[in-house]
Structure formats: C-alpha cells, structure tokens
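Notes to accompany the following structure.
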Amino acid sequence: MSADPVVHVIDDDEAVRRSLDFLLQSAHFKTRTYENALAFLNALPDIPSGCVVTDVKMPEMSGVELLRHLRHKNLRMPVIIITGHADVPMAVEAMKSGAADFLEKPFDDEVLLTAVRSALASAEDVSQREIERTELQQRFATLSKREREVLQGLVAGKPNKTIAFDLGISPRTVEIYRANVMTKMRAVSLSELVRMTLIAGFPTEQGTETRPVM
Amino acid sequence: MPLRDPRTGFARLSGLVAPINERVLWYIAAVVLTIGGFTLHLVVTPLRTAQADLIFMVPAILVTGALGGLGPGLLATALCIVLDLLSPTTPTAYFGSHLATAGAFGVIGIGIALFGERLRFARMNAAARTQDLLSREAHLQSLLATVPEAVVIIDENGVIQSFSSSAERLFGYSAAEVIGQNVRILMPSPEREAHDGYIRRYLQTGQRHIIGIGRVAVGERKDGATFPIDLSIAEIISGGQRYFTGYVRDLTEHQETQQRLEQMQSELVHISRLTAMGEMASALAHELNQPLSAIANYLTGSRRLLTDASEENLRLVRTAIDTAVEQSLRAGQIIRRLRDFVAHREPEKRIESLRKLIEEASALALVGAKELGIRVRLRFEPAIDRVIVDKVQIQQVMLNLMRNAIEAMETSDRRELSVTTAIGPEGAALIEVADTGCGISSEMADQLFLPFATTKVHGMGIGLSISRTIIEGHEGRIWAEPNPGGGTAFRFTLQALVDEELGDVG
C-alpha cells in the first residue's frame with residue numbers, strides 16, 4: 001500500500017459528494033472530490049494513484065462510461081461504482097467493464113470502507129481479492145444444478161416468470177430456488193448477489209465466463 | 001231515426017241513444033196529440049151540426065212539427081187529414097171545399113214540419129259544438145296538468161289568473177290560494193319588491209328584458225325556501241286584455257347533475273395526478289435516496305470520529321450533524337411537495353404567483369432531469385405574475401408538459417427545456433414549455449389533446465387531455481406548435497390579474 005492513497009469521489013449531487021468526503025476522511029482516507037466525470041478526467045494527469053468512488057447517473061458522462069474510458073486508456077485504477085437505484089443489467093455491465101465493486105445507496109459505512117480498502121489494496125496486492133473469490137467460489141459449489149440455473153436467470157436480469165418459463169417450472173418453485181440461492185450465498189440483496197457472482201467469475205447464462213475482477 | 005253507420009263505434013252509438021229515444025217519443029207525441037186534438041174537437045163541437053174543424057189539430061201539428069222535426073210533423077199532419085176526411089160526420093155536400101181546406105192545412109203542416117226540422121238541426125249543431133269545446137278544454141287542462149314546467153298566467157297588474165298543477169307542486173301553494181294574488185309572492189326579495197316595476201317598465205317602454213328570452217332566476221316556495229328556476233315568459237293578448245304566461249322549470253336537479261359532473265371531473269384530474277406520480281415513482285425514490293444517503297454518510301462518519309473525542313473531531317461532528325439536519329429537511333420538503341400534489345382536495349381558485357407556482361412545479365417535474373443532462377431555463381416576465389387559478393391543477397399541467405418534454409428529449413443530442421412566461425393576447429398570461437426533442441408527427445398533431453391518444457409505450461394518453469380540461473376550466477386555451485429550434489413548444493393562456501383588479505380584491 002502506498003503511503004498516501006487518495007480516494008477520488010465523483011458525484012454530481014453536492015450533498016452526497018460532501019457526505020462521502022466526510023465519511024472517508026473520518027476513516028482517515030485522503031480524498032479529492034469532483035462534481036462530474038469530466039472534471040476528474042481533466043485532473044487525471046496530476047493524479048498519481050488511488051481509487052475512484054463514482055456515482056452512476058451523472059450528466060454528460062456516467063460512472064460506467066468513465067470506467068470504460070479509463071480502461072480504454074489502460075489505466076488500471078480501481079473504480080467503485082455507487083448508485084441510488086440498482087438494476088441487474090446495470091450491475092452486470094459495471095462489473096463486466098471491470099468495476100472493483102458496485103454499491104447501492106444508502107450503504108453502511110463499513111461496506112464502503114471495506115470496498116475502498118480492498119480496492120486500494122488490490123491495486124498492489126491481489127491476494128486479498130483472491131481470498132474473497134475463493135470463499136465465494138466455495139459458496140457457489142454448494143448450489144444445486146437447478147439453483148445454478150435460476151441464479152443464471154437472475155443475473156441475466158430476468159423476472160421470475162421468465163425464468164420459470166425457460167426452465168419449464170412454476171414461478172412458485174423459482175421463488176423457492178431463489179430464496180435458497182440467497183441463503184446459501186449469504187446475499188442480502190439481488191445486487192449483492194450479482195456482485196458476488198461477478199467477483200467469483202461464475203458462468204453467466206450465455207456460457208461465457210465473467211472476467212474475474214483484478 | 002235509423003243508425004247512419006253502425007260501425008262508428010261505441011262512442012258514437014252511445015251519443016245517438018238519447019236522440020233516438022227522443023225521436024220515438026216525438027212520433028208517439030204526434031199520434032197522441034193529434035188523436036187528443038180530434039177527441040177534444042168531438043167533445044167540444046157536436047159534429048152533426050157543423051163540419052169538422054181542423055183548428056183543433058193545429059196545436060198538435062205546431063208542437064210536434066216545430067219541436068219534433070220533420071218526421072213527427074208530417075205524421076201529425078197526415079194523421080189530422082186522414083182523421084178529418086174519414087170523420088163520419090162530414091157532410092157530403094161540403095166535401096169539395098172540405099178537401100181544399102184539408103189540402104191547405106196539409107201544406108201548412110208540411111211547412112211547420114220543415115221549419116221544425118231546420119230548428120232541430122240547428123239545435124244538434126250547437127250541442128255538438130259545445131261538446132267539442134268541452135273536450136278541447138279538457139285536453140288543455142290535462143296538458144297544463146302534465147307539462148313538467150309550472151305555468152303561471154298573470155294579467156298586466158301582476159295578478160295571478162291561472163296556476164297549473166305543476167306550479168302547485170313546485171311552489172307549494174294551491175291554485176285557490178294564489179289566484180287573485182300578486183305574482184310577487186312567488187319570488188324572494190329583492191325581486192319581490194321590484195317585480196311590479198318590471199311590468200310597468202315593460203308596458204311603458206315595450207323593451208323586452210325577459211319576454212321571449214328567458215333566464216335563470218330564483219323562486220320562493222310557500223315555506224320560504226328558495227330554489228333556482230329557469231323562467232321564460234310569453235305575452236298573450238286575449239279579448240283586448242294583455243296577459244303574461246310564465247313557464248317555470250326547477251333547476252335544482254339540473255344543478256345537482258352539473259355538480260356531480262364537476263365532482264367526477266375533479267376526481268379524474270386527481271387520479272391522473274396520482275398516475276403521473278406513479279410514473280415518476282422511480283425518479284422520486286432516487287431523489288429521496290440522495291439526502292438519505294448523505295445523512296447516513298454524515299452519521300456513520302460522525303460515529304467513527306466520536307471514538308476519539310478530540311476538540312477537532314467534535315467540531316467536525318457538529319458541522320456534519322448540521323448538514324445532516326439540512327439534508328433531512330431536504331427529504332422532508334420533497335415528501336411534502338409530493339403529498340400536496342397528490343392530496344385529494346376540493347378544487348379552489350385563488351390569487352397565485354405564477355412564478356412561485358411554476359418554480360414549485362419544476363422542483364417536482366425536474367426530478368431526474370439533471371442526470372439526463374437536460375439544461376433547464378426558466379424565464380419569467382415580471383409584468384405578469386398574478387393569476388387566479390387552482391394552484392395544484394395548474395402545477396399538474398406544468399408537470400405534465402415538462403415530463404413530456406423531458407421524455408421527448410431522451411434520444412436527442414441537444415437537451416434544452418425552457419419554460420417562459422409572457423404577456424399573451426388580451427392581457428392574458430402566456431406560459432410556454434418548449435423542448436428540443438423529437439417533435440410531434442403530423443398525424444399525432446390532430447389528436448394531441450384527445451383522450452387515449454398516445455405514442456408512449458407506458459402511457460394512458462390522458463395527460464394532455466386532462467391538461468386541456470384543466471386549462472379550459474380556467475377559461476384559457478392550450479395548443480402545441482413546432483419549436484423553431486426543433487422540438488415542440490406547448491403554450492397555454494391563463495386569465496391574469498392586472499394591478500387595478502388586485503386593488504379591488506384587497
């Protein structure tokens with residue numbers, strides 16, 4: 001871990017931006033804030049290192065677009081994406097684009113701080129990630145075949161009814177499998193489940209393995 | 001008398017029963033009176049000494065001929081002549097002259113019978129005409145009794161001449177009570193005092209204010225209750241006298257229907273507000289989530305800082321809490337606006353500031369617009385600001401138009417929403433909501449404001465139709481035009497309040 005890792009906070013809502021700043025500083029992180037993605041990109045040449053915490057919905061350039069832009073420029077700076085209203089396709093897209101984490105507002109401080117810490121750590125040390133991934137993969141191993149199939153449907157953003165139709169089972173049964181999956185994976189919300197799936201590199205429906213996040 | 005037409009039905013038949021009996025009686029009378037006359041002659045004058053005198057038969061012929069008509073008259077005449085000629089006492093020497101007298105007598109008898117017949121026809125005609133008149137009168141009475149409108153006829157002094165049974169029901173007076181009274185008892189003050197003056201003015205000037213025109217007025221029942229009426233008056237001149245006929249229709253029920261209609265309309269307007277909010281639910285949830293996230297961040301950060309209660313940390317925590325409070329108020333404000341907007345309330349027009357109204361509506365309507373990268377410009381004309389409106393309804397129109405504009409620009413490169421107020425035609429306030437969106441196709445333009453016309457995937461197509469109902473309810477007009485810079489401009493007018501009027505209201 002470098003001596004002075006900086007957390008770059010990007011959010012167009014001033015209140016949220018300043019509160020994030022306050023929270024991170026209270027945990028002794030050095031921070032810099034930007035009111036939109038372009039302001040951050042303009043400042044980029046002067047930025048030595050650190051990680052990015054960005055909102056998704058912003059005018060002109062969204063959080064996910066910023067992430068793609070950074071990857072395109074071959075900048076491996078970890079990016080944590082936060083959103084007020086998470087939907088599955090957005091989460092999948094963010095994680096596939098290489099987001100370090102995907103958090104739904106409002107969140108518990110520990111969730112954010114852990115994510116920031118591991119993101120900063122992963123910039124230098126991948127072992128922390130590796131441990132998490134191994135643990136998640138162990139949890140996946142406990143899923144039955146049907147449960148995996150239902151999980152694939154959920155990660156693809158399909159509603160229960162569609163999954164039931166595709167698998168030829170009743171929606172009621174899908175609900176039961178879904179509940180089992182959540183329990184076994186110890187996921188609190190659907191977006192967290194999606195995040196776990198993507199971190200663990202669980203195969204998505206199309207059969208393509210999701211790229212493990214570095 | 002034979003029946004002329006046996007098929008004319010029972011009515012006619014029963015009408016003829018009396019004349020037939022009467023005719024038969026007259027025939028009998030002809031025989032009886034003639035024989036009576038002859039018998040009297042036999043008793044009074046010894047036939048052996050004098051020739052038979054037809055004089056005794058004259059009363060019989062006169063009575064039966066004149067009153068009984070042709071048939072009985074002729075019968076009596078013939079019977080008289082036969083009796084006279086067959087009389088055994090008639091001396092043969094005088095037979096020639098006797099025959100001549102009988103002939104002359106016969107002619108007179110026939111004359112009387114013919115005259116009697118004419119008289120009988122005249123009598124029958126008169127009876128039929130009276131019958132006609134009576135049945136027509138009955139018709140008229142039944143009409144007056146059944147027309148839903150109350151009919152009151154007065155003379156030129158305002159004195160009631162006729163009062164229909166509907167009028168009795170409507171006003172609660174019986175005809176007997178009011179006929180002969182002045183019509184003013186049927187109306188409340190100040191009409192009651194002024195009514196005689198109205199009639200006088202009309203009689204003097206001939207200027208019609210209500211006759212043949214009709215208007216809505218107020219009536220007063222016997223128990224003193226007043227009620228709305230629709231009053232029309234006709235003038236009749238009959239027998240050199242001038243009368244006025246008033247037709248009175250009770251409007252209570254009409255007004256109730258009207259009220260119910262308005263109620264249903266306001267219900268619909270309210271439901272469409274709920275729908276609009278339902279469609280915005282996700283954007284509103286996001287808008288509420290922002291301050292809540294900020295509060296959570298400030299509080300969790302504070303908790304962290306408080307583990308080390310240094311002077312510096314306490315200062316930071318205090319500032320954080322202040323900001324968190326501010327944010328909770330921000331959330332509260334969003335909720336309050338939302339609640340005001342969806343609350344079920346009676347429509348109520350008040351003097352409102354156009355600027356404040358639009359700014360408040362924008363706060364709701366522009367939720368989520370910033371993230372879409374939409375540039376918003378509000379421009380207000382300071383010379384026109386006061387309007388008499390139902391604030392929530394006009395805000396509903398604004399919200400509708402602005403949300404439509406935002407949706408229309410989702411796929412455009414240029415995203416500018418401008419809301420402008422200006423002075424419109426005839427001093428009205430003109431409000432414009434213009435976007436740089438996809439515009440309106442020509443086939444949609446015609447049915448833009450019709451209900452259930454929509455191009456949206458998730459839309460009922462009632463937003464613009466409701467907006468038009470609201471604006472027209474405010475005596476304004478709403479229309480759409482292509483925006484010169486591309487996109488669409490919706491415009492509507494509202495009655496504005498100029499400064500002098502404001503002074504009146506206080």
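Points worth noting:
- Most mobile of A:148, A:18, A:172 in a GNM of chain A (Cα contacts under 10 Å): A:172
- With respect to chain B, whose longest principal axis is taken over its alpha-carbon atoms, helix B:9-44 is tilted by about 20°.
- Across peptide A:21-29, the average count of Cβ atoms from other chains found within 10 Å of a residue's Cβ is 6.
- Residue by residue, the stretch B:301-312 carries 3J(HN,Hα) couplings of x, 5, 4, 4, 5, 6, 5, 10, 7, 6, 3, 4 Hz when phi is fed to the Karplus relation 6.51 cos²θ - 1.76 cosθ + 1.60 (θ = phi - 60°); x denotes Gly or Pro.
- Proxy reagent accessibility, fewest Cβ within 10 Å first, across B:107, A:7: B:107, A:7
- By the helix-only formula, in which each DSSP H run with n ≥ 4 contributes -39500 (n - 2.57) and the sum is divided by residues, chain A has a 222 nm mean residue ellipticity of -16500 deg cm²/dmol.
- Net length gained if the chain between residue B:426 and residue B:123 were fully extended (0.36 nm per residue, minus Cα distance): 101.4 nm
- Cα gyration tensor category, rounded, prolate or oblate, for chain A with a/c compared to 1.5: prolate
- Charge sum, other residues only, whose C-beta stays under 13 Å from residue A:164's C-beta, Lys/Arg counted +1 and Asp/Glu -1: +2
- Rounded FRET efficiency, nearest 0.05, which uses the C-beta distance separating residue B:412 from residue B:315 and R0 of 51 Å: 0.60
- Across peptide B:300-307, the average count of Cβ atoms from other chains found within 10 Å of a residue's Cβ is 5.
- Sequence of B:378, B:186 once ranked by neighbouring C-beta atoms within 10 Å, starting from the fewest: B:378, B:186
- Fewest-first ranking of B:384, A:169, using other Cβ atoms within 10 Å as the exposure measure: A:169, B:384
- Modelled FRET efficiency - R0 60 Å, residue B:475 with residue A:175, Cβ distances, 0.05 increments: 0.65
- For peptides B:97-105, B:176-184, sequence by mean Cβ density within 10 Å, most packed first: B:176-184, B:97-105
- Restricting attention to chain B, lysine pairs at least eight places apart or on different chains and with alpha-carbon atoms under 24 angstrom apart total 4.
- Per-residue mean of C-beta atoms belonging to partner chains within 10 Å, peptide A:106-112: 4
- Percent antiparallel among DSSP beta bridges (both partners in the protein assembly as shown, rounded to 5): 70
- Computed over chain B, the per-residue total of -39500 (n - 2.57) for DSSP H runs of n ≥ 4 gives a 222 nm mean residue ellipticity of -18500 deg cm²/dmol, rounded to 500.
- For chain B, the longest principal axis of the Cα atoms and the long axis of helix B:252-279 meet at an angle of about 20 degrees.
- Under 19 Å from a label point set 7 Å out along the Cα-to-Cβ vector of residue B:260, no amide N atom of the stretch B:139-175 is found.
- Near residue B:172, once Lys and Arg are set to +1 and Asp and Glu to -1 for all other residues with Cβ below 15 Å from its Cβ, the sum equals -2.
- Using C-alpha pairs below 8 Å separated by at least 6 residues, the relative contact order for the stretch A:40-189 is 17 percent.
- Placing a label point 7 Å from the Cα of residue B:216 along the Cα-to-Cβ direction, the residues of the stretch B:251-266 whose backbone N falls under 11 Å from that point are B:251-252, B:254-256, B:258-259.
- Taking label positions 7 Å along the Cα-Cβ direction at both residue B:139 and residue B:356, the computed distance is 6.8 nm, reported to one decimal.
Every number here is computed from the coordinates shown, using simple stated rules; none is lab data. Keep in mind it's a predicted model, so treat the numbers as computed, not measured. Every residue, glycine as well, gets a Cβ built from its backbone with ideal geometry; the counts of neighbours run over all protein chains shown.
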